[in-house]
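The values are calculated or read from the model by the stated rules, or taken from the named source; none is laboratory data. Bear in mind the structure is a predicted one, so any value in this text is a computation, not a measurement. Cβ placement follows ideal geometry from the backbone for every residue including glycine, while neighbour counts extend to all protein chains displayed.
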Amino acid sequence: MRGTSPKRRVTALGSAGALVTATLIAGAVAAPTANASAGSGPGADREARGAAIAADRAAKAGIDWQDCPADWNLAKPIQCGYVTVPLDYAKPYGKQIKLAVDRIGNTGTKAERQGALIYNPGGPGGSGLRFPARVTAKNPIWANAAKAYDFVGFDPRGVGKSTPISCVDPQEFVTAPKMDPVPDSEADKLAQRKLAREYAEGCQERSGWMLPHMTTPNTARDLDVIRAALGEKKLNFLGVSYGTYLGAVYGTLFPGHVRRMVVDSVVNPSREKIWYQANLDQDVAFEGRWKDWQDWVAKNDATYHLGDTRAEVQEQWLKLRATAKKSPLGGVVGPAELISFFQSAPYYDSQWAPIASVFSKYVAGDTQALVDAAAPDLSDTAGNAASENGNAVYTAVECADAKWPTSWQRWDRDNTRLHRDHPFMTWANAWMNLPCATWPAKQQTPLNVKTGKGLPPVLIVQSERDAATPYEGAVELHQRFKGSRLITEKDAGSHGVTGLTNPCINTRVDSYLLTGELDAADVTCTPHATPKP
């Protein structure tokens, strides 16, 4: 259920913080203000109290803002710092970890300032540190919000600069041969199962001390500590993709701490969906959006020459796939690499034309264009490390958040059935998530997302044909968060709507962030502009 760049271990969908210790007197902190009853399990009260202790401590400490380290590639006036949080909120005076944060001040006057707007881009495993660059880049979509808010980004626990976790050597992660995700035999399935089990074992070996604590509720608690460290009484939050689930969990645990919350491209928060069923639902949605792209390519056959019907474009895809399976293109691009490249089209329609162009060049005889686009960049050491880390966090969070099926028979049955009608992503997605079937760390029961006392109206934004987070997720959260409003972008399917130019959506997001005002009823918007070839 990746929500940032869709680079993954075999495909689909889907850094250094120092340890410190802290010793404070328990009696010196205020009673917990989090919604203790919203947690699951006997430790919920202790974790709620631990979150309050950590937030109180962070409010006193603040953040030592400095110019960002040169290798973070975040230029002035963006500033960087760290916030200290407990590894385990049930033990708030135990081992501590550091989370990287950054900010840029509001561009308006002091009187216009409304506080900090904190951002999570998704994943799990996405870094939010690029968020303040929307201001330095003068992104017009965010210009009005930037007048009122400091833009604050952070790396969630385990990500990037925030005590990063790892499951395999980054270079091995990139260079290891990748099987065709679609199995031809029981032997292929057995080999993939072995790879998944070994990956889970690698996570335990390299990062086992972090794995039990890599949960969405803990990241939500971290978010509240960051809020306190910023000196904010209440949270203003923008979450995209997995960031919507983080927002949903935060809103459940800390309903009285929310001021404004925008969630965009929504993960279905139902306990029954997190996370096994959510990924199966995703396979169906990806197939639908893949067909949307093929229809667009066929409509623009005069440009791409890939066929003037969806069936003809699909035939070209299957031919390419078979060729790469028989002999990897350029010796490096096989079916797994093709999926990793082509899946960007169902994710974002901004990628429709670039991917169609590369595909068209290949069919016209230019194989190198496709190799250059789809092959891993072995020279990009930092990028490969970030990809490995992102994959590790994705796996760790989804495996820790919920109890996954351990029966291979169930995985085999469900994915075999789905693959018949939805072949584009199903098996690739299955192998991506299969480490959760043999996960070596404790798995939690998902939080029951619901409206709590003091939760203000939340703004939900969703495209109707989103592949990564199907539309039903937005409807589910809308029902669970009473008083929320849902903006639907009809006949559209890009993942991440608030960053696109669509005045029907942009003006409403601005209005909500600046005034708190929402429409009296849910809104349906026409789609943003269709890509041009």
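Remarks
- Test: residue in the stretch 488-496 that is under 20 Å from ALA345 (Cα atoms), out of contact with any strand residue (DSSP E or B) (no Cβ under 8 Å at 6 or more places or on another chain) and buried (at least 20 other Cβ atoms within 10 Å of the Cβ): no
- Scanning the stretch 331-350 for residues being touching a helix residue (DSSP H, G or I) at 6+ places or on another chain (Cβ under 8 Å) and either under 14 Å from TYR304 (Cα atoms) or not in a helix (DSSP H, G or I) (or both) gives a total of 4.
- When every residue of the stretch 281-301 is checked against the conditions, none turns out to be of a type outside the set (Asp, Glu), under 23 Å from ILE63 (Cβ atoms), out of contact with any Cys (no Cβ under 8 Å at 6 or more places or on another chain) and not in a helix (DSSP H, G or I).
- There is no residue in the stretch 121-143 that is assigned to a strand (DSSP E or B), farther than 30 Å from TRP404 by Cα and touching a Phe, Trp or Tyr at 6+ places or on another chain (Cβ under 7 Å).
- Filter result for ILE118 (in a strand (DSSP E or B) and touching a helix residue (DSSP H, G or I) at 6+ places or on another chain (Cβ under 9 Å)): yes
- Filter pass, GLY153 being touching a strand residue (DSSP E or B) at 6+ places or on another chain (Cβ under 8 Å), buried (at least 22 other Cβ atoms within 10 Å of the Cβ) and under 29 Å from LYS110 (Cβ atoms): yes
- Restricting the stretch 277-324 to residues that are under 27 Å from the mean Cα position of the chain (by Cα) and among the hydrophobic types (A, V, I, L, M, F, W, C) leaves a set whose member that is surrounded by the fewest Cβ atoms within 10 Å (Cβ to Cβ) is VAL284.
- Within the stretch 91-104, tally of residues that are buried (at least 18 other Cβ atoms within 10 Å of the Cβ) and under 12 Å from GLU47 (Cβ atoms): 1
- Residues that are in a loop (DSSP other than H, G, I, E, B) and surrounded by 15 or more Cβ atoms within 10 Å (Cβ to Cβ), drawn from the stretch 62-90: ILE63, CYS68, LEU74, ILE78, LEU87, ASP88, TYR89, ALA90
- Qualifying residues in the stretch 472-521 (those that are among the acidic types (Asp, Glu) and not in a loop (DSSP other than H, G, I, E, B)) - the one farthest from the chain's Cα centre (by Cα): ASP510
- Every residue from the stretch 113-135 that is in contact with a Lys or Arg (Cβ under 9 Å, 6 or more places away or on another chain) and over 26 Å from LYS233 (Cβ atoms): GLY122, GLY123, PRO124, GLY125, GLY126, SER127
- Being buried (at least 17 other Cβ atoms within 10 Å of the Cβ), among the β-branched types (Val, Ile, Thr) and more than 20 Å from ILE53 (Cβ to Cβ) holds for only one residue in VAL249, VAL267, and it is VAL267.
- The residue that is surrounded by the fewest Cβ atoms within 10 Å (Cβ to Cβ), counting only those in the stretch 420-460 that are basic (Lys, Arg) and under 19 Å from THR215 (Cβ atoms), is LYS442.
- Of the numbered criteria (1) over 21 Å from PRO533 (Cα atoms); (2) not in a loop (DSSP other than H, G, I, E, B), the one ALA353 fails is (1).
- Residue in the stretch 140-158 that is more than 25 Å from MET261 (Cβ to Cβ) and under 24 Å from the mean Cα position of the chain (by Cα) present: no
- Qualifying residue in the stretch 176-196 (condition: modelled with pLDDT under 95 and within 24 Å of the chain's Cα centre (by Cα)): yes
- In the stretch 193-226, residue nearest to PRO86 (Cα to Cα) [restricted to those that are charged (D, E, K, R) and surrounded by fewer than 21 Cβ atoms within 10 Å (Cβ to Cβ)]: ARG206
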